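The values are calculated or read from the model by the stated rules, or taken from the named source; none is laboratory data. Just so you know, these numbers come straight off a predicted model, no measurement behind them. We place every Cβ from the backbone using ideal geometry, glycine too, and count neighbours over all the protein chains shown. The accessibility values were calculated without ligands, DNA or RNA, using every heavy atom of the protein model including side chains. Shrake-Rupley method; radii C 1.70, N 1.55, O 1.52, S 1.80 Å.
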There are 4 protein chains.
Amino acid sequence: MMGQLGGRVWVVPGGHIPLDSNGPEPEFTSYDKICVLNTTDAEARLTLTFYYEDAEPVGPYHFAVGPRRIRHIRVNDLIDPEAVRLDRPYGCVLHSPVPVVVQFLRQDTRLSGTVTLTGTMAHPAG
Amino acid sequence: MMGQLGGRVWVVPGGHIPLDSNGPEPEFTSYDKICVLNTTDAEARLTLTFYYEDAEPVGPYHFAVGPRRIRHIRVNDLIDPEAVRLDRPYGCVLHSPVPVVVQFLRQDTRLSGTVTLTGTMAHPAG
Amino acid sequence: MMGQLGGRVWVVPGGHIPLDSNGPEPEFTSYDKICVLNTTDAEARLTLTFYYEDAEPVGPYHFAVGPRRIRHIRVNDLIDPEAVRLDRPYGCVLHSPVPVVVQFLRQDTRLSGTVTLTGTMAHPAG
Amino acid sequence: MMGQLGGRVWVVPGGHIPLDSNGPEPEFTSYDKICVLNTTDAEARLTLTFYYEDAEPVGPYHFAVGPRRIRHIRVNDLIDPEAVRLDRPYGCVLHSPVPVVVQFLRQDTRLSGTVTLTGTMAHPAG
């Protein structure tokens, strides 16, 4: 019952990993993060596709979220099929074979001595 | 009429109480907060279940929101059946027997001399 | 056509005007703000009801948004039937006779030398 | 299939480009930004209409997002039919002939030595 919460397609149009970071790594590294909750009893084998201003989409990126598990993925850490470059605007679409819920978070420490967070639920598109 | 606003299931995938805090307690303590509005004429006896990256879900946590009342719960303060540890990524699912509306808020004061807030409506899943 | 965008009931569970402020007024005053867009050709005579942790709801508060207009209301400025006190958690429900769209924003300058913003769309409940 | 994600009408009630900026341009300039993801195989020829507190709506503003592309538009940069003034509250409505997804982001560097971000998905209204 709780295993069917959410949707199978989620969209984030406003991705942009800040270029610089200040403070101890990794906790103060600038990042974009995608947070996924899988309440189902099946592993969610997710695929991500990245969209850019000036190039064809890149993907699929694969990662899995176990049954009854969360996973918070730093976009900075996605490297296959290619790294998502810092300071390059992007959007992304997440597909899941089972229902999940997706939240987006940014940490920005470009300016020394500061940290700012912003986030939103991803848009549920299917 | 106003007593039927919202839904009975709400989801937050991106929970993570910051590890450190700076500044006077409790107002500058780092926290995740779950804010619930119950417009109904019945007490909302809520249950929360927490999901993790590397362990089975934990719950139910119980708390109540009176009829025609709000309640802003610091996740830091949830201790039964077990405390939600600092710096451990989590997601949570809230169930209510009556319709409610749920908002998520984080305050982060890890870096001395700074405070940052971020938040979003929880995802309405039922 | 554009005059029918949005809904007639919007909910914000997580209100809380920060207690202190630092910096020049009014631009750096801590506030909660409710931002309304009325695309219709009729004046939107809105009513707001405030919910608390420990008291019956208070309202209605009245304000109007002209046809094809926005209005950004500081909750700090609502005084009739009673002021919304600083540092008191609240939730609010907005009713409109015509469709509108509602966004919530907080500015927090409690800590000297800092400013942080957070916000979210209100929850569309009808 | 992925080319039909999202909707054709999106609304942001809470626009307000901060008046001042501190730090190197353009990366630390205060801005409001509208982020659009077009997963379709057609160019999305978008129109934006801006709403104000004290004047009739202004528009349409035109911009295009290519097939399978994103675009992150700074509201500061919109000048035709007229510039969106700093420090003037506004709301905006985006129309697209093909489905898109829209996210709103603000960067505020009014206070020297600080930067704060806030954002939310736009409201999908059609």
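Residue-level check: of (1) under 24 Å from C:D20 (Cα atoms); (2) among the β-branched types (V, I, T); (3) crowded, with 20+ Cβ neighbours inside 10 Å, B:V11 misses just (1).
The set of residues in region A:43-58 being under 18 Å from A:V102 (Cα atoms) and out of contact with any helix residue (DSSP H, G or I) (no Cβ under 8 Å at 6 or more places or on another chain) consists of A:E43, A:A44, A:R45, A:L46, A:T47, A:L48, A:F50, A:Y51.
Of all the criteria given as (1) over 26 Å from D:G66 (Cα atoms); (2) out of contact with any Ser or Thr (no Cβ under 6 Å at 6 or more places or on another chain); (3) touching a residue at least 40 places away in the same chain (Cβ under 8 Å), the one not satisfied by A:D41 is (3). Confirm whether D:R74 is charged (D, E, K, R) and under 30 Å from D:G113 (Cβ atoms). It is true that D:R74 is charged (D, E, K, R) and under 30 Å from D:G113 (Cβ atoms). The strands (runs of 3 or more DSSP E) found entirely in region B:26-118 that carry 2 or more residues being open to solvent by 30 Å² or more (accessible area, probe 1.4 Å) are B:44-52, B:58-65, B:69-74, B:90-108.
Figure legend. Inter-residue proximity from region D:13-29: first residues closer than 15 Å to D:V75 by Cα, second residues open to solvent by 10 Å² or more (accessible area, probe 1.4 Å) and among the acidic types (D, E), beta-carbon distance below 6 Å, spacing 6+ or different chains. Indicated pairs: D:L19/D:D87.
When residues in region A:17-56 are screened for being within 23 Å of D:I34 (Cβ to Cβ) and within 11 Å of chain B (Cβ to nearest Cβ), 2 of them pass. Note on region A:93-117: residues that are closer than 30 Å to D:T114 by Cβ and at the interface with chain D (Cβ under 8 Å from one of its Cβ atoms) total 8.
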